[in-house]
1. Please list 3J(HN,Hα) in residue order for the range 67-81, calculated via the Karplus relation 6.51 cos²θ - 1.76 cosθ + 1.60 where θ = phi - 60°; whole Hz, with x for glycine and proline.
2. Of Lys61/Lys91; Lys29/Lys113; Lys29/Lys120; Lys53/Lys113, which pairs sit farther than 23 Å apart, going by alpha carbon to alpha carbon?
3. Take Leu17 and Glu41, extend 7 Å from each Cα along the Cα→Cβ direction, and tell me the distance between the two endpoints in nm.
4. At q = 0.18 Å⁻¹, what is the base-10 log of I(q)/I(0) for the range 24-123 according to the Debye formula with one equal point scatterer per Cα and no solvent? Please give it to two decimals.
5. Residue by residue, what Karplus-based ³J(HN,Hα) values in Hz, rounded to whole numbers, does the range 86-100 have, using 6.51, -1.76 and 1.60 with θ = phi - 60° and x for Gly and Pro?
6. Placing unit charges on C-beta atoms (Lys and Arg positive, Asp and Glu negative, everything else neutral), compute the dipole magnitude of the chain about its Cα centre in debye, rounded to 20.
7. Give me, ordered by chain and number, the residues 5 or more places off Ile100 or on other chains with an amide H under 5 Å from its own placed amide H.
8. Using DSSP to call loops (not H, G, I, E or B), can you name the trypsin sites (Lys or Arg not before Pro) in the range 1-79 whose Cβ has at most 12 other Cβ atoms within 10 angstrom?
Amino acid sequence: MERVSVDGLADAVMKGLEEYAKLSTDEMKKSVKDAGKFCKEEVSANAPVRTGKYAKSWRNKTTSENANAIQVTVYSSVPGLPHLLEHGHAKRGGGRVRAIPHIAPAEEAAEDKLLKDIEKALEG
C-alpha cells in the first residue's frame, strides 16, 4: 500500500482547483464579451429606422477587466435619443410620442444567451 502525504494531496487538489478556476473565468469572460456583441447587434437590428444613423450608432466596449471579472457596456453614441425612443416623450404642442421598446428586449435576450453560454461552458 502506497502512502500519500496530506501536503502532497492538498497541493494536487489546489492545483486542480486553480486550473478549473482559470478555465471557468476565461470561459465566462468570453461569454460576457459575446453577450455584449449580441446585445449590440440586437439593438441595432430592432432600432427604429428613419435615416439609419441611430441603428449604426450602437457600440460595445469592455469598460473594466481584471483577473476575475469583466464589464462590457453597450451604448449609443447619440446621447439622449435612446431614452426618448425607448420610453416615449411629450410633444411640444401637447400629446405624446409613442414608445418604441428596442433596448429592453435586446438586453433580456442577451442575458438569456449569457446564462446559457456560461452553463454550457461550466458543464463541458
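1. 5, 10, 8, 8, 10, 10, 10, 10, 8, 9, 7, 9, x, x, 5
2. Lys61/Lys91; Lys53/Lys113
3. Going by the 7 Å Cα→Cβ label model, 3.8 nm.
4. Log10 I(q)/I(0), no solvent term: -0.85.
5. 5, 10, x, 7, 7, 8, 5, x, x, x, 9, 9, 5, 6, 10
6. 1340 debye
7. Distant-sequence amide H within range of Ile100: Glu86, His87, Gly88.
8. Numbers: sites: Arg3, Lys15, Lys22, Lys29, Lys30, Lys33, Lys37, Lys40, Arg50, Lys53, Lys56, Arg59, Lys61; in loops: Arg3, Arg50.
Loop-located and lightly packed - Arg3, Arg50.
Read the figures in this text as sums done on the coordinates, not as results from a lab. Just so it is clear, the structure is predicted and the values come from calculations on it, not from any experiment. When we count neighbours, we look across all protein chains shown, and the Cβ atoms used for this are built from the backbone with ideal geometry, even at glycine.
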